[in-house]
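Structure first, commentary second.
The values are calculated or read from the model by the stated rules, or taken from the named source; none is laboratory data. Only a predicted model underlies this, so the values are computations on that prediction, with no experimental measurement involved. As a convention, Cβ positions derive from the backbone with ideal geometry for all residues, glycine included, and neighbour counts pool all protein chains shown. Surface areas here come from the heavy atoms of the whole protein model, side chains and all, with no ligands, DNA or RNA. Shrake-Rupley method; radii C 1.70, N 1.55, O 1.52, S 1.80 Å.
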Amino acid sequence: MRARLARREDLGLTRAEFWVLARLSTPAKIQGFLDALPANFEIGGQTCLSVREVLRRRRAHCIEGAMLAACALWVHGEPPLLMDLRAERDYDHVVVLFRRNGHWGAISKTNPPVLRWRDPVYRTLRELAMSYLHEYANDRAQKTLRSYSRPFDLRRLDPRIWVTNGKNCWTWARRSTRYATIDS
């Protein structure tokens, strides 16, 4: 596992890029930053932009925003943990996990505000995932959330893959991970 605190040199970021992440010193500030970013509608094809590319292009969709949020948490000494919410007949959604006083919360980038922020009040990851169940519906108003991943710690990956990569980061994002069903 990599160091608890991410330094600028370890991440390969410029001073200006690192400064943006250093300013985002709380989960609420990170969420505010993501909320202010325009959505990446992927005109020209699917993307999975790195943290650097999100900062440069000033747009993001959920996994791109999740990587930026996770990196900001890591800069402040918190683990960069992602959780994938897997859906049926709908899009998956990726959130960033954080803990306060032993309870889980989530940071998220998405167009519908109901799939964003979760206060750190959930005792388990299952409880947190379940908090998205009622709002997670497709265009036909069908409940689509089916499972959630175990936390994926981005410190397992070289930052050149997800922080400074100039190309799409789909390679790591498509890794298989363990999932638990909502009803288990």
(1) open to solvent by less than 10 Å² (accessible area, probe 1.4 Å); (2) closer than 30 Å to R126 by Cβ; (3) touching a helix residue (DSSP H, G or I) at 6+ places or on another chain (Cβ under 8 Å); (4) assigned to a loop (DSSP other than H, G, I, E, B) all hold for L13 apart from (2)
By residue number, the members of segment 88-114 that are open to solvent by 20 Å² or more (accessible area, probe 1.4 Å), outside any loop (DSSP other than H, G, I, E, B) and either of a type in the set (A, V, I, L, M) or modelled with pLDDT under 95 (or both) are P113, V114
Within segment 60-87, of all residues that are without any contact (Cβ under 8 Å) to a residue 60 or more places away in the chain and assigned to a strand (DSSP E or B), the one surrounded by the fewest Cβ atoms within 10 Å (Cβ to Cβ) is A87
When segment 146-177 is checked residue by residue, the ones that are open to solvent by 40 Å² or more (accessible area, probe 1.4 Å) and among the small types (G, A, S) are G166, S176
Legend entry - Any hit, segment 171-178, residues being of a type in the set (S, T, N, Q), in a loop (DSSP other than H, G, I, E, B) and in contact with a strand residue (DSSP E or B) (Cβ under 8 Å, 6 or more places away or on another chain): yes
